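Below: the structure, in structure tokens.
What follows is calculated from the coordinates using simple rules that are stated; it is not laboratory data. Computed from a prediction, not measured in an experiment: that's the story for all the values here. As a convention, Cβ positions derive from the backbone with ideal geometry for all residues, glycine included, and neighbour counts pool all protein chains shown.
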Amino acid sequence: MKFYTEPIEKSPRIQKLVDALYEKMPQIEADRAVLLTESYMATEGEPIITRRAKAFRHILEHLPIVIRENELIVGAATRAPRGCQVFPEYSFEWLESEFDTVETRTADPFYISEETKQTLSKVYKYWKGKTTSELATSYMTDAAKIAIDHGMFTPGNYFYNGIGHLTVDYPKVLAVGYRGIIKEAKDARAKLSAGDADFAKRSHFLDAVIMSCEAAIAYAKRYSELAAQMAKTTADVRRRKELEEIAAVCREVPEYGAKSFREACQSFWFVQMLLQIESSGHSISPGRFDQYMYPYYKKDLDAGKLTREEAQELMDCIWVKLNDLNKVRDAASAEGFAGYSLFQNLIAGGQDKYGRDATNDLSFMSVTATEHVFLPQPSFSVRVWNGTPHEFLIRAAELTRTGIGFPAYYNDEVIIPALQSRGLTLEDARDYNIIGCVEPQKAAKTDGWHDAAFFNMCRPLELVFSNGKDKGVQIGPRTGEVETMRTYEEFENAYRAQMNYFIELLVNADNAIDVAHAERCPLPFQSSMVEDCIGRGKSLQEGGAIYNFTGPQGFGIANVTDGMYAVKKLVFEDKKYTLGFFKKALDANFGQEMDSQMAAKLTAQVAASIVASGKELTEEDIKTVYTTVKANKASDEEKKQYAALLADIQALPKFGNDEDEIDLFAREMAYTYTKPMESYKNPRGGIFQAGLYPVSANVPLGAQTGATPDGRLAFTPIADGVSPAAGRDVKGPTASANSVSRLDHYIASNGTLFNMKFHPSALEGRSGLESFAALVRGYFDQKGSHMQFNVVSRETLRDAQKHPEKYKSLVVRVAGYSALFTTLSKGLQEDIINRTEQQGF
Amino acid sequence: MEQSYLETKGRIFNIQRFSIHDGPGVRTIVFLKGCPLRCRWCCNPESQEWHFENMVQGGVTKLVGRDVTVGEVLEEIARDRVYYRRSGFGGMTLSGGECLWQPEFSEALLRAAKEMGISTAIETTGYAEMDVIRRLLPYVDTVLMDIKHVDGEKHKEFTTRDNAKILENARQIAKEANCLVVRTPVIPTFNDTESDIRSIAEFAKSLGTVREMHLLPYHRIGSDKYAGLGRTYTMAHIEPPTKEKMQTLLSVVERVGLKGQIGG
């Protein structure tokens, strides 16, 4: 069969909605925090699950509601577009201390009014000692806390925020509405016996589910009433009709099952936004939207009740709304997740649970919606397998060619068996979707805890050279002075020992946080839409899901590979240098001067720590620090020697050039992270599974990492994901892809991320698209898992740095997501520009 | 089993992977060194001489040329097999320089590629003895052959060689090759008039089996290399043909009854 591939025009409404969204800087609003606190104060002493449900209800009863101009799909979490609520139950200290800088910081600034500051300050007093982050801290070992302080890994995501990172049972809400879920909970409740050992917990959980679902229904009714009211006072006939329709739709859904595509769209949106009011967890991913919406679309289309254009407009409206939600993060995390991204991953195409191709009209229309709206949300992905229709891949390639960085391409042929190896049934594995950046899971059955921490694989390598010391403190095991190591095996074993030690601490930290969430922030609303919480009578946070994982991600494989390889060759095989000399060279940053931007950053860090220790700091002192930081102390003779070493390192083979020896070496190096991880368990009854991707943390965490033996200079970015280090893959895209495919993508079942940057000329014309599709197919044939592309010329990005005002809507692929280029920090912008640009020849 | 042809030696100066604007699909191009012609506009001047040369590019001196065996080249070619297959018609292209000037090497390389199921093409001036060309043809899917001018004098003036042998070979190749595509670099002051192109197109049409003719617009991308080799680029003053001009010439080709195309 031939799919409908004719272009569908963008309705004028969509541009108006987009323009309205980006009129102003996003703002922080206090309503949710105030309501939450009121409710918590009134429920002291009650079971936590009940308190959560009551707070959710209280919030939904009183949160200001607004229908924005021109909207067809309604429901907003904040008064102002792209605003954000705050979630003090997870953490609050960071925001309080950043009140005065959050508006002016470089990454993801937010406006906050004086009034909001005062309101929040008042509310915050209540939360001292009550947050998940405080409880998590007290559960962690001292060693884990020290490791975090020294930047060995950062569990920041869930340490300070909700978990998110899931796809709930949208199809169930679309089919039976919250009324149906309430019935299910009531039935389960009726089956309990008062004498059951776990009656108390189960019954309270089920009551909380019922209360939360009722709250969602009532919230929609508020919108129905508001729309009806607005209709009465609207003079414009067309708009009045639209508002009347909104009123009618919100009366029906999400309380009952959707009877039309229109209702299905609105019902979907309520689910999507309410999840993000209950908790601050991001990466709430719509998943296989094209699959669960299709029956509603098809029915209306066949019955002549809906045109393709109308369906497209509704989808476009949802795409816009996904950008209306926002989240403020602490300054450091904002750099790691730069671009105001909520990572709501929506995926099209792929197989159904029986292994047949499931691409449909809506898969194509999802591409079109992304093209029409041209915004960073949703994080749009496509699934590819042997049976993927060529025309769908070409349509996806057309979107890639626009430079928006979407879609990301995922390989069914790797992900399905990888998930099976983690215990998913074949049917469930085939029905996977992607969470957040690159993390696969089976929707509505999984609590994946994807994105559980960033683990910088370069840091343990630094510690090998310092015998476990960092900034003078013994934070890692004593693996021996490098000067005494006689064989490469000794050196590699030291690295493995450092890795193993910090992986265990990472697990300790994640599990401490996990327990804290179960105890302080179980989420009844979220749990109502994930199997088998209702059946088991417990929340997702307590292990209610069928599949439970913790997925912390490692990055820096390319640097570790190139670096270990350099040591192996130059020290132990060619015997040209000693490890002692390597160490000196690394300490001296290979005799290189630091660039002024980096030096300034480091100076600021040093200054901040001096001030924090209570000392005064003069202008003169700062100048001295800067000069010392920037200048290199090495003598000219030493500099010459270091330069020679650097040249020798640069002449060695590097990961990313299709050379078997070093590529297979990279495979082994990646195992130093992925293999130990599999042996750990989490408190929800699941296991740890590694991912290999950095989001955008390779830049800020690189800025905390000294020089590495691959010739990477101190404080510069670390290689992103499984991609070769920037600028080191010089044999073209096929060679680079072949290298990356030699890693084991199955064991990294929490996802791998391979970034490629193309010059626009490479995708020119139909033949450019065809070749691009062949590249994706070829990489996937060789069992790569994920691929994403930036198609923007270096000149364009440079110009955007100079004239940000001209490029307000320039979207680029950052890591597992796309963001507006001009909102990224300078360091991240540079990193994106420096990724190797592949051209067709 | 004896596979001594894999040991056949040849001289190349580059292997270019993921070549997507030079023939159908994803291709790997092997650039052989040494050419009988000296076209004034040549964008790969380092391909012309047989002997190794130093070329300065971006301040770095690089030795151009290396001797390799068929087996070594195949190893590199085979690495992108999956992409050739996925792009439908991708494969290996021998370019130059002139592959006909290293017939043992070219024959062995083409034969081995075909045995591995890789589709093959050659880009050639056609300037060689027909017996030599015949050795290669069984292993070539597509012959991309330059017809630069039908006028012998003009041809000699701009390329240093007469075109009689080339035109004669074209007639034979058209009969014997699996597929022959005629290509013409469009060079202002040499062959960029409508009548120049029409003559070439009519000649191509007269060959009987030729269906396609590609017009390759002159460009100056290789001009820096002349300085890098210590030579003089004599066409620095020539402007590339405009898009409109190329379109006009394309319609000339199509009027003759061939499928025309701008670029490779």
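State which entries of A:117/A:802; A:731/B:9; B:114/B:156; A:583/A:615; A:469/A:583; A:183/A:445 exceed 25 angstrom in Cα-Cα distance in the structure shown. Beyond 25 Å between Cα atoms: A:117/A:802; B:114/B:156; A:583/A:615. In chain A, Cα pairs under 8 Å separated by at least six residues give a relative contact order of 15 percent. Kirkwood hydrodynamic radius computed over the range B:150-232 comes to 14.3 Å, based on all pairs of distinct alpha carbons. Taking trypsin sites (Lys or Arg not before Pro) across the range A:298-371, the ones in a DSSP loop with at most 10 further Cβ atoms lying within 10 angstrom of their Cβ are A:356. Straight-line cross-link partners of residue A:232 among the aspartates and glutamates, defined as a Cα under 18 Å from its Cα and at least 8 positions apart when in the same chain: A:69, A:71, A:242, A:244, A:245. Between amide H atoms placed 1.01 Å from N, distances below 5 Å from residue B:62 occur with B:55, B:56, B:57, all of them 5 or more places distant or on a separate chain.
Relative to the longest principal axis of the Cα atoms of chain A, the long axis of helix A:289-302 lies at roughly 30 degrees. Note on the range A:610-738: Rg/Rh from Cα positions, Kirkwood definition for Rh, rounded to two decimals, is 1.09. Listed cross-link partners A:442/A:568; A:145/A:327; A:639/B:225; A:639/A:783; A:576/A:630; A:584/A:681 are compared with a 32 Å cut-off, the Cα-Cα value being larger for A:442/A:568; A:639/B:225; A:639/A:783; A:584/A:681. Please report, to two decimal places, log10 I(q)/I(0) for chain A at q = 0.05, 0.07, 0.10 Å⁻¹ as given by the Debye formula with identical point scatterers on the Cα atoms and no solvent. So the normalised log intensities are -0.26, -0.51, -1.08.
Each of A:729, A:660 has some number of other Cβ atoms within 10 Å of its Cβ, and from fewest to most they run A:660, A:729. Within straight-line reach of residue A:259, meaning a Cα separation under 18 Å, sit the following lysines at least 8 residues removed in sequence or on another chain: A:172, A:221, A:298, A:299, A:305.
Comparing B:193, B:124, B:142 in a Gaussian network model of chain B where C-alpha atoms under 10 Å apart are linked, the largest mean-square fluctuation is found at B:193. In summary, the range A:437-519 shows an alpha-carbon radius of gyration equal to 1.43 times the 2.2 N^0.38 Å reference for compact globular proteins.
Per the Debye calculation on the range B:43-144 with a single equal scatterer at every Cα and no solvent contribution, log₁₀ I(q)/I(0) for q = 0.16, 0.22, 0.24 Å⁻¹ amounts to -0.77, -1.20, -1.29. Between residue A:421 and residue A:578, the FRET efficiency estimated from the beta carbon spacing at R0 = 35 angstrom works out to 0.25.
Axis of helix A:199-233 versus longest Cα principal axis of chain A: the two differ by about 70°, to the nearest ten degrees.
At R0 = 51 Å, how high is the FRET efficiency between residue A:616 and residue B:224 if r is their beta carbon distance? Nearest 0.05 is fine. For R0 = 51 Å, the calculated efficiency reads 0.30. Dividing the Cα radius of gyration of the range A:66-190 by its Kirkwood radius returns 1.06 for Rg/Rh. A DSSP coil position with no more than 12 other Cβ atoms inside 10 Å describes the following GluC sites (Glu not before Pro) in the range B:49-135: B:129. Legend: translational diffusion of the range B:4-262 by Stokes-Einstein, Rh = Kirkwood radius over C-alpha pairs, 4 °C, 1.567 mPa s; D = 69 µm²/s. FRET efficiency for the residue A:99 to residue A:473 pair, using the beta carbon distance and R₀ = 35 Å, is estimated at 0.65. Remark: A:285, B:199, A:279, A:749 ranked as B:199, A:279, A:749, A:285, counting other beta-carbon atoms within 10 Å and listing the fewest first. Secondary structure note: in chain B, about 35% of the DSSP beta bridges are antiparallel.
Under the simplified labelling scheme, the residue B:151-residue A:302 pair shows an inter-label distance of 7.0 nm, with each label point 7 Å from Cα along Cα→Cβ. Rounded to the nearest 5, what is the percent of antiparallel bridges among the DSSP beta bridges in the protein assembly as shown? That works out to approximately 35 percent antiparallel. Ordering A:127, B:41 from the fewest to the most neighbouring beta carbons within 10 Å gives A:127, B:41. Just so you know, the Cα atoms of the range B:36-93 work out to an Rg and Dmax of 15.6, 40 Å.
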